[in-house]
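A.B. asks: One structure, as structure tokens, below. Some questions next.
The values are calculated or read from the model by the stated rules, or taken from the named source; none is laboratory data. Small disclaimer: the values here were computed from a predicted structure and weren't measured. Here the Cβ is made from the backbone with ideal geometry for all residues, glycine too, and neighbour counts use every protein chain on show. Surface accessibility is based on the protein's heavy atoms, side chains included, excluding ligands, DNA and RNA. Shrake-Rupley method; radii C 1.70, N 1.55, O 1.52, S 1.80 Å.
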Amino acid sequence: AGIGKCVALDLARRNARTILACRSQERGQAAVEEIRAATGNPAVLLRLLDTSSLASVRAFAQAVLREEKRLDVLVNNAGVTGLPFTITPEGLEQTFATNYLGPFLLTNLLLG
């Protein structure tokens, strides 16, 4: 939803292979189908990613590096605000993990 979906829609309109990294399978798949229908681009894919989980970030990065020949653009757009103080299973504060640590780790893993 929001800015991330708009960016994905614009990239797909430019005929880019576009991977939507989403926490929710259901919402992500709905976005993929909407973007494919709006652009006619079949190369819009869904991969699950929860940036508050460093294990999820590592698994996502490994899959991208294994499955994709190259990565030209990375848009780190995930973010949360206003959540109650919560500690992730990995012992991290959830907002900090989601908004900073996860995207930082993802970028560094994908740099190669």
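A.B. asks: Which one of these does Ala30 not meet: (1) part of a helix (DSSP H, G or I); (2) closer than 20 Å to Asn108 by Cβ; (3) out of contact with any strand residue (DSSP E or B) (no Cβ under 9 Å at 6 or more places or on another chain); (4) of a type in the set (Gly, Ala, Ser)?
C.D. replies: Unmet for Ala30, out of (1) part of a helix (DSSP H, G or I); (2) closer than 20 Å to Asn108 by Cβ; (3) out of contact with any strand residue (DSSP E or B) (no Cβ under 9 Å at 6 or more places or on another chain); (4) of a type in the set (Gly, Ala, Ser): (2).
A.B. asks: When you look at Leu109, is it farther than 25 Å from Arg14 by Cβ and over 15 Å from the mean Cα position of the chain (by Cα), yes or no?
C.D. replies: Numbers: farther than 25 Å from Arg14 by Cβ: yes; over 15 Å from the mean Cα position of the chain (by Cα): no.
Against the criterion (farther than 25 Å from Arg14 by Cβ and over 15 Å from the mean Cα position of the chain (by Cα)), Leu109 does not qualify.
A.B. asks: Oh, and also: So which pairs qualify, if the first residue must be in the range 90-101 and over 18 Å from Val75 (Cα atoms), the second must be open to solvent by less than 40 Å² (accessible area, probe 1.4 Å) and among the β-branched types (Val, Ile, Thr), the Cβ gap must be under 8 Å, and the two must be at least 6 apart or on different chains?
C.D. replies: Going by the 8 Å Cβ cut-off, the qualifying pairs are Gln94/Val80; Gln94/Thr88; Thr95/Val80.
A.B. asks: A follow-up question, please. Between a first residue in the range 38-54 that is touching a residue at least 40 places away in the same chain (Cβ under 8 Å) and a second residue that is assigned to a loop (DSSP other than H, G, I, E, B) and among the hydroxyl-bearing types (Ser, Thr, Tyr), which pairs have beta carbons less than 7 Å apart while being 6 or more apart in sequence or on different chains?
C.D. replies: Here the result reads Ser52/Thr88; Ser53/Thr88, each pair linking the range 38-54 to a residue that is assigned to a loop (DSSP other than H, G, I, E, B) and among the hydroxyl-bearing types (Ser, Thr, Tyr).
A.B. asks: Which of the residues that make up the range 27-73 are aliphatic (A, V, I, L, M) and in contact with a Pro (Cβ under 9 Å, 6 or more places away or on another chain)?
C.D. replies: Those that are aliphatic (A, V, I, L, M) and in contact with a Pro (Cβ under 9 Å, 6 or more places away or on another chain): Ala55, Val57.
A.B. asks: Would you confirm, using the coordinates I've provided, whether Val80 is out of contact with any strand residue (DSSP E or B) (no Cβ under 8 Å at 6 or more places or on another chain) and either modelled with pLDDT under 95 or acidic (Asp, Glu) (or both)?
C.D. replies: On the way: out of contact with any strand residue (DSSP E or B) (no Cβ under 8 Å at 6 or more places or on another chain): yes; either modelled with pLDDT under 95 or acidic (Asp, Glu) (or both): yes.
Yes, satisfied.
A.B. asks: Only residues that are exposed (fewer than 13 other Cβ atoms within 10 Å of the Cβ), among the aliphatic types (A, V, I, L, M) and either in the same structural domain as Asn77 (by the TED database) or outside any helix (DSSP H, G or I) (or both): list them for the range 1-27, please.
C.D. replies: Across the range 1-27, the qualifying residue is only Ala1.
A.B. asks: Any residue at all in the range 87-103 that's in a helix (DSSP H, G or I), in the same structural domain as Asp10 (by the TED database), of a type in the set (Gly, Ala, Ser) and more than 13 Å from Leu20 (Cα to Cα)? Steps first, please.
C.D. replies: Of the range 87-103, the ones in a helix (DSSP H, G or I) are 94-103.
After this cut, where a residue has to be in the same structural domain as Asp10 (by the TED database) as well, the list is none.
The answer is no, given that none of the residues of the range 87-103 is in a helix (DSSP H, G or I), in the same structural domain as Asp10 (by the TED database), of a type in the set (Gly, Ala, Ser) and more than 13 Å from Leu20 (Cα to Cα).
A.B. asks: Report, by residue number, each residue of the range 33-83 that is in a helix (DSSP H, G or I), open to solvent by 30 Å² or more (accessible area, probe 1.4 Å) and over 16 Å from Leu105 (Cβ atoms).
C.D. replies: Glu33, Glu34, Arg36, Ala37, Ala38, Thr39, Arg66, Glu67
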